[in-house]
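Laboratory data are not the source of any read-out in this text; all were calculated from the coordinates shown. None of the values given here were measured: they were computed from a predicted structure. Neighbour counts are summed over all protein chains in view; Cβ atoms, including those assigned to glycine, are modelled from backbone coordinates with ideal geometry.
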Amino acid sequence: MLRSRWWSWGFRSAVMLYFVLLIVFPILGIYGQSFSDGWASFVDNLTEPLAWKAVMLTVKLAIIATIVNMAIGTMAGWVLTRYRFPGRKLLNSMVDLPFALPTAVVGLMILLLLGPRSAVGQWADSLGFTILFHEPAIVVAMVFVTFPFVIRAVQPLLEEIDASEEEAAYTMGATKAKTFFRIILPNMLPGILSGAMLAFSRALAEFGAVVLVAGNIPGRTQVASVYIFGQIESDHPAAAAAVSVLLLTFSFLILWLVNYVQTRRTAR
Amino acid sequence: MTMRRLWIGLTFVLFGLLLGVPVVRIAIGAFDGGVQGFIDGVGRPEALHALMMTGIIVVIVTAVNTVFGVMLALYLVRANWLGPQLKRLLNSVVDLPFAVSPIIGGLMIVLLLGPDAALGALLNKAGIDIVYALPGMVIATLFVTFPLIIREVMPVLQEIGASQEEAAHMLGAYPWTTFWRVTWPSIRWSVVYGVVLTVARTLGEFGAVLVVSGNILFKTQTATTLVYQDVENFNVTAANSVALVLAACSVGLLLFMEWVKSRKES
Amino acid sequence: MHVEVTGLNKRFGEFQAVADVSFSIAKGQLIGLLGPSGGGKTSILRMLAGLESPDSGDIVFHGQRVNDLPPQERGIGFVFQNYALFKHMTVEGNIAFGLEVKKWNKAKIKERVAELVELTGLSGFEKRYPHQLSGGQRQRVAFARALAPEPQLLLLDEPFAAIDAKIRHELRSWLREMIDRLGITSIFVTHDQDEAIEVADEIMIINKGNLEQKGSPWEIYKDPKTPFVAGFIGESTTVEDISALKGFKEAANWPGTKGLIRPEYIEIGKENEFTLLSATETGKVSHIHFRGSEWLVEVQIGDIKLVTYRSLEKNVLQVGDEVHVLIHRAYLFNNKDNWVMENSLKVDPLPVHI
């Protein structure tokens, strides 16, 4: 029995150590590093016009991508859960494709499909705007990689809805549309919102797909993650760390918010 | 009824355009120079080396995160040597890698273990290279994939409850036996699902590895960073070939994932 | 003494689940831990099993202190409330588990499993999985599994809580018979009085972490040691001023004394049904319900309301009827003391001499 006591103590320490060293240390480390030259220097790094522009651009485009995803995600989630049709299972599996594909491959795909030499690119050209290496391409990339979030958040909620709630509404004379907006949508809302928040968080962080299609012109089409990458390559770790800390804090807040909403829901 | 058809139709169009077409385009692009072009692209020495690096990282990361992940999941749900407050705190920390951009993930490793850091310099002197070498790439990927298996296993452990395990204890089984004979059969498929997710994510990891590895040709280049390099060098067919290999693996993993999901639910 | 517990205490955060509990159990006894939910009964059981550790106190089995022994080594069979059967193993697999862990040889295991399958009436179901069994069958597998390694002590946590009412009765008698036959010391937890009274040799009433009383069902019923026990077993009415009732005037000697009267100790009826009219109170029927096997009658005596049962054989009473009420005895209690007092007027003051 003494033997097993030592074993369990060994396992516990090894696992907890792994956890702390791998996750806690690096995160603390980057917070520490970004303030290593003092608060003033931290603020300087953040208010650097290019840094600031990158962050603002990222937030703007991420919001657009999230809104797009809320719309198409809700629709897709609805169709996949409520209707039965041939090919439903296939489509359901395809939803996870963005999770499975490497982001660099995604970037390449968008490059090929929307580039100046492609059919779509030429059509856009004739209409007077370019997609690739401009903001629209970034939004497309963001929408692709965050596609599953809203759908996967909405589906379980739709499945959980008690059919009797809807039936009650119908017996009281509500039309399908009314029932949808008054009964079903409110039930779906927590899913749409938490899915949207996760999608937003992910879109902010996206690098691989964006770096290949964005053109990365500082101040114009450079998103925050690419800016950070640039700072690392040009050996400005403090500047990179500062913007990173901003993004991190933002993402952590969103994560905490999603958690909070979900625990409130289960407490109900 | 027509509303229904409209929505279904729209959904098909959406999926086709957003998901179907891109994958097909990669396949077409990979064979731009015919089958030979594809083989050339994939058979290049740098491509083979990059694919090998990716493979090695997949194996190491999956093995390590499976073992530690399952154990941590067990501790976070069952251990009575961890106070409930501490468990809740650790639980939230588990999810953090999901919120971290891969670039930032790579940056963190470089800051902590790079040649400019205290710890990194120490290890350098001892002859161990972490950053710009395999160990750093492995660590960065471990960080990024950390929550995947834990998040699959924890809900199952919570759902089945501790009473079967307690029953086993009453019948004389110590923790090791109890784990293999009682707990494992219940979590088995969730672990497999988590493993598949980890493999897929590792295969596709780009940002963190790019920063940590320095993308050194023939040394620290992975399949994804090779694709990046090819595109930057306008070597599109070659990029496409490697990308197709990656995409095929991903789709294969995806199908496997769906199959495991159905086993999980039964 | 087979099981001896002294000064057991357990606290969960701010909540004192078990407070200074001590008792002894002789070998072969079947003891019921009875009490309201959340009272601490399951905590006591789990501490005996080693699944929780007490804050203080000693647990001794057959002279050996087991506080530091892990559950694996205590030699106890435990039947869980929701059976906790191993879902991935067959009935045989479940029953054999404890023996495989002890490394019995295959032939012996097979023999013992067959023995238990026979004993618990599960023949023909050996190869089934838990989800293919009914609730009653699962319970029997849990029982067989716990008994397989020949434990010295059997603990059961609300074994019939999850079972349909109809089957519960059958299973109860089956359990009683089984345990009697095997002669194994057993302790079971329940919040169902009828179950405890029917099955146990002795009952321990546990309330708010305290052991209120330990004794045979009859002792507890007849001689409740605390007001809680008196009110818990059976149904009774509390009377604030017991001395106002005929036959209990003496209670006034102890100010602040209340009374607990069981329905079984109250007789009501018309004048002609009584021989000792002088001992009766008069009251009015305020309410009457049919209960399937008897009438439930509520009687008002002044502003005191009493509840009693009336046999279906007697004449039916109506609401508003004037009736006589004979209270045979009451359980009296105040801050310092409690005792049973007989109706002092029941003795005929004029015995007839021949």
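Measuring from centroid to centroid over Cα atoms, what is the spacing of the range A:147-162 and the range B:112-144 in Å?
Using only Cα atoms to place each centre, the spacing works out to 41 Å.
Find the Cα radius of gyration of the protein assembly as shown, compare it with 2.2 N^0.38 Å by division, and give the number to two decimals.
With N residues counted in the protein assembly as shown, Rg over 2.2 N^0.38 Å equals 1.27.
Residue by residue through the range C:244-258, what is 3J(HN,Hα) from phi via Karplus (6.51 cos²θ - 1.76 cosθ + 1.60, θ = phi - 60°)? Round to whole Hz and write x for glycine and proline.
Those phi angles translate into 6, 8, 4, x, 10, 4, 4, 4, 5, 5, 10, x, x, 8, 9 Hz.
Per residue of A:205-215, what is the mean number of Cβ atoms on other protein chains within 10 angstrom of that residue's Cβ?
That average works out to 5.
Between the range C:246-266 and the range A:31-96, what's the alpha-carbon centroid distance in Å?
Between the Cα centre of the range C:246-266 and that of the range A:31-96, the gap is 76 Å.
Just to check, using Stokes-Einstein with a Kirkwood Rh over alpha carbon pairs, what's the diffusion coefficient of the range C:74-152 at 4 °C and 1.567 mPa s in µm²/s?
Values: Rh = 12.3 Å.
Result for D is 105 µm²/s.
Sorted by mean Cβ packing within 10 Å, highest first, what order do the peptides A:36-43, B:193-200 take?
Answer by packing, highest mean first, reads B:193-200, A:36-43.
At each listed q (0.10, 0.13, 0.15 Å⁻¹), what is the log10 of I(q)/I(0) that the Debye formula gives for the range B:1-94 modelled as equal alpha-carbon point scatterers?
Listed by q, the Debye log ratios stand at -0.70, -0.83, -0.83.
Could you grab the Rg to Rh ratio for the range A:163-252? Cα atoms only, Kirkwood for Rh.
That ratio equals 1.33.
With θ set to phi - 60° and the Karplus curve 6.51 cos²θ - 1.76 cosθ + 1.60, what are the ³J(HN,Hα) couplings of the range B:10-27 in order, to the nearest whole Hz, using x for Gly and Pro?
Coupling constants for the range B:10-27: 4, 5, 4, 4, 4, 5, x, 5, 6, 10, x, 4, x, 5, 4, 4, 4, 4 Hz.
Which of the residue pairs B:LYS87/C:LYS208; C:LYS246/C:LYS314; C:LYS27/C:LYS103; C:LYS27/C:LYS214; C:LYS270/C:LYS305; C:LYS225/C:LYS284 have a Cα-Cα distance greater than 21 Å in the structure shown?
Pairs exceeding 21 Å: B:LYS87/C:LYS208; C:LYS246/C:LYS314; C:LYS27/C:LYS103; C:LYS225/C:LYS284.
Which residue, A:THR130, A:THR179, A:THR66, tops the fluctuation ranking in a GNM of chain A built on C-alpha contacts under 10 Å?
Of A:THR130, A:THR179, A:THR66, the most mobile in the Gaussian network model is A:THR179.
Evaluate the charge dipole of the range C:3-231 about its Cα centre and quote only its size in Debye, nearest 20, assuming +1 on the Cβ of each Lys and Arg and -1 on the Cβ of each Asp and Glu.
Charge dipole of the range C:3-231: 720 debye, to the nearest 20.
Can you put A:PHE11, C:PHE78, A:PHE229 in order of Cβ neighbours within 10 angstrom, beginning with the fewest?
By the 10 Å Cβ count, ascending, the order reads A:PHE11, A:PHE229, C:PHE78.
Could you tell me which of rounded, prolate or oblate describes the range C:262-354, using a ≥ b ≥ c as the square roots of the eigenvalues of the alpha-carbon gyration tensor, with rounded for a/c under 1.5 and, failing that, prolate when a/b is larger than b/c and oblate otherwise?
Here the range C:262-354 falls in the oblate category.
Assuming R0 = 22 Å, what is the FRET efficiency of C:GLU294 and C:LYS222, from their Cβ-Cβ distance, to the nearest 0.05?
0.50
In chain C, if every C-alpha pair distance is counted and binned at 10 Å from zero, what percent goes to each bin?
Answer for chain C: a P(r) of 5, 20, 24, 20, 15, 10, 4, 1, 0 percent.
May I ask you to sort C:GLU150, B:GLU205 by Cβ crowding, counting other Cβ atoms within 10 Å and putting the fewest first?
If I rank by nearby Cβ atoms, fewest first, I get C:GLU150, B:GLU205.
Once both axes come from the Cα atoms, what is the angle between helix C:91-101 and the longest principal axis of chain C, in degrees from 0 to 90, rounded to 10?
With rounding to tens, the tilt is 70 degrees.
Around B:GLU205, which amide H atoms from residues at least 5 apart in sequence, or from another chain, sit under 5 Å from its own amide H, with H modelled in the peptide plane?
Sorted by chain and number, the residues that satisfy this come to none at all.
Run the simple label-point estimate for B:TRP259 and C:GLN64 please: 7 Å along Cα→C-beta, distance reported in nm.
5.2 nm
Under Stokes-Einstein, with the Kirkwood radius over Cα pairs standing in for Rh, what whole-number D in µm²/s applies to chain B at 10 °C and 1.306 mPa s?
Details: Rh = 21.1 Å.
Once the numbers are plugged in, D ends up at 75 µm²/s.
In which sequence would C:HIS62, A:HIS134, C:HIS131 go, from the one with the fewest C-beta neighbours within 10 Å to the one with the most?
Final ranking by Cβ density, sparse to dense: C:HIS131, C:HIS62, A:HIS134.
Check C:THR185: other-chain or 5+ apart residues with amide H under 5 Å from its amide H, H built from backbone geometry?
Residues meeting the criterion, in which the H sits 1.01 Å from N, are C:GLY28, C:LEU154.
Check C:ASN207: other-chain or 5+ apart residues with amide H under 5 Å from its amide H, H built from backbone geometry?
C:GLU212
Please report the relative contact order for the range A:86-165, taking Cα pairs under 8 Å with a sequence separation of at least 6, and give it as a percent rounded to a whole number.
Reported as a whole number, the value is 31 percent.
Given N residues in chain A, what is Rg(Cα) / (2.2 N^0.38 Å)? Mind showing how you got there, number by number?
Details: Rg = 22.9 Å, N = 268, 2.2 N^0.38 = 18.4 Å.
Taking the Cα Rg and dividing by 2.2 N^0.38 Å, one obtains 1.24.
Once phi is turned into θ = phi - 60°, what whole-Hz ³J(HN,Hα) does the Karplus curve with 6.51, -1.76 and 1.60 give for every residue of the range B:201-214, x standing for Gly and Pro?
Once rounded to whole Hz, the list reads 5, 5, 4, x, 4, 10, x, 5, 5, 4, 5, 6, 8, x.
Could you identify which residue out of C:ILE44, C:ILE205, C:ILE268 has the top mean-square fluctuation in a GNM of chain C using Cα springs shorter than 10 Å?
Its mean-square fluctuation being the largest, the pick is C:ILE268.
Compute the orientation-averaged projected area for the range C:127-239 from the convex hull of its Cα atoms and round it to one decimal in nm².
Its Cα hull, projected and averaged over all orientations, spans 8.9 nm².
Hey, what did chain B get for relative contact order, percent, Cα under 8 Å, at least 6 apart?
Dividing the mean separation by the residue count of chain B yields 31 percent.
In degrees from 0 to 90, rounded to the nearest 10, what is the angle of the helix B:134-160 Cα long axis to the longest principal axis of chain B?
The angle comes out near 40 degrees.
Under the classification rounded if a/c is under 1.5, otherwise prolate if a/b is larger than b/c and oblate if not, where does the range B:63-102 fall, given a ≥ b ≥ c as square roots of the Cα gyration tensor eigenvalues?
Oblate, because a/c is 1.5 or more while a/b does not exceed b/c.
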